[in-house]
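Novice: One structure, as structure tokens, below. Some questions next.
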Amino acid sequence: ARQLTAAGREVELVALFDAGLPRPVEDESDTLARRFAAFTAYVNETYGLDVSLTYDELAGLPEDEQLALFMDRAAALAEHVPPAALHHMLTSHQDTRSLEAYRPDPYDGPVVLYRAPEETPWAVKDARYVLDGANGWGDLCPALEIVTVPGAHHLNLLDPPSVEFMADHLENLLSR
């Protein structure tokens, strides 16, 4: 939206669908070690496995070594977890790390945030994602409108009935 505005184009509205800006952390390596250990515990519980990877093994290692150790241990999952699920695990990590590296600039135009108020089922807990009611956008978007989507969590936001709720709201916004 900033690039379009800078190029002389009009941006009527920016809509964010439960997008959140992760908060910075003091110790990136420690946060990642906790994430990989918690994710390993989640995979073990979900698939009834016994893959060993603890925080103590990961703590103090650089990110690339943590990821390599996780992937080495995760290789044992291949016979128990569908390939598409393993691929999703890796790409989700890459997507998350890209988001955590992103540092947006302020935007003064109209922005609506459709916020999912419910905790996402089976999410790995990470201090970066304990977000405020504006999901981190409040200081960057002075014209931010926050719309809480009843009963939604991050994973079902684009499913009925949440998607119909957002479509109706968005239609009303655009018809003003």
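Throughout, read-outs are computed from the coordinates displayed, never taken from laboratory work. Quick caveat, the model's predicted, so the values are computed rather than measured. All Cβ positions, glycine included, derive from the backbone under ideal geometry; neighbour counts span all protein chains shown.
Novice: Kindly provide the chymotrypsin sites (Phe, Trp or Tyr not before Pro) of the range 1-98 that DSSP labels as loop, not H, G, I, E or B, and whose Cβ sees at most 11 other Cβ atoms within 10 Å.
Specialist: Sparse-neighbourhood loop chymotrypsin sites (Phe, Trp or Tyr not before Pro): none present.
Novice: So, in Å, what gap is there between the alpha-carbon centers of the range 1-47 and the range 84-137?
Specialist: Their Cα centres are 3 Å away from one another.
Novice: For a quick check of your reading of the filter: which trypsin sites (Lys or Arg not before Pro) in the range 82-141 sit in a DSSP loop and have no more than 14 other Cβ atoms within 10 Å?
Specialist: Those satisfying the criteria are LYS125.
Novice: Here's a follow-up. Only Lys, Arg, Asp and Glu count, each charged at its Cβ (+1, +1, -1, -1), so figure out the dipole size of the chain about its Cα centre, rounded to 20 debye.
Specialist: 320
Novice: Report the one residue of VAL130, PRO142, LEU158 whose Cα lies farthest in the direction of the positive end of the charge dipole of the range 122-166 (charges on C-beta: Lys and Arg +1, Asp and Glu -1; origin at the Cα centre).
Specialist: Farthest towards the positive pole: VAL130.
Novice: Follow-up. I'd like to know which of LEU69, VAL112, THR91 lies farthest towards the positive end of the charge dipole of the range 27-160, counting +1 on Cβ of Lys and Arg and -1 on Cβ of Asp and Glu.
Specialist: Of LEU69, VAL112, THR91, it is VAL112.
Novice: Placing +1 at every Lys and Arg Cβ and -1 at every Asp and Glu Cβ, with all other atoms neutral, what dipole size does the range 10-51 have around its Cα centre, in debye to the nearest 20? Don't skip to the answer; put the middle values down first.
Specialist: On the way: 3 positive and 9 negative charges, 37 e Å.
With only Lys, Arg, Asp and Glu charged at Cβ, the dipole is about 180 debye.
Novice: For ALA15, what residues show an amide H to amide H distance below 5 Å, using hydrogens built from the backbone and excluding near sequence neighbours?
Specialist: Hits under the 5 Å cutoff: VAL112.
Novice: Got a sec to turn the phi values of the range 151-164 into Karplus ³J(HN,Hα) couplings, 6.51 cos²θ - 1.76 cosθ + 1.60 with θ = phi - 60°, whole Hz, x for Gly and Pro?
Specialist: x, 8, 10, 4, 7, 10, 4, 9, 9, x, x, 4, 5, 5
Novice: Give a residue-ordered list of calculated ³J(HN,Hα) values for the range 94-105 (Karplus: 6.51 cos²θ - 1.76 cosθ + 1.60, θ = phi - 60°; whole Hz; x for Gly, Pro).
Specialist: Each residue's phi maps through the Karplus curve to give 4, 4, 4, 5, 5, 4, 5, 8, 6, 10, x, 9 Hz.
Novice: With θ set to phi - 60° and the Karplus curve 6.51 cos²θ - 1.76 cosθ + 1.60, what are the ³J(HN,Hα) couplings of the range 126-136 in order, to the nearest whole Hz, using x for Gly and Pro?
Specialist: For the range 126-136, the Karplus curve yields 8, 4, 4, 9, 8, 9, 7, x, 9, 6, x Hz.
Novice: Let me ask you something else. Loop only by DSSP, 12 or fewer other Cβ within 10 Å of the Cβ. Give me the chymotrypsin sites (Phe, Trp or Tyr not before Pro) in the range 88-137 that pass, ordered by residue number.
Specialist: For chymotrypsin sites (Phe, Trp or Tyr not before Pro) across the range 88-137 that sit outside H, G, I, E and B with at most 12 neighbouring Cβ atoms in 10 Å, the list reads TYR102, TRP122.
Novice: Follow-up question, since we're still on this one. Mark the label point 7 Å from the Cα of GLU171 along Cα→Cβ and return the residues of the range 74-117 whose backbone N is within less than 20 Å of it.
Specialist: Residues 112-115 fall inside that zone.
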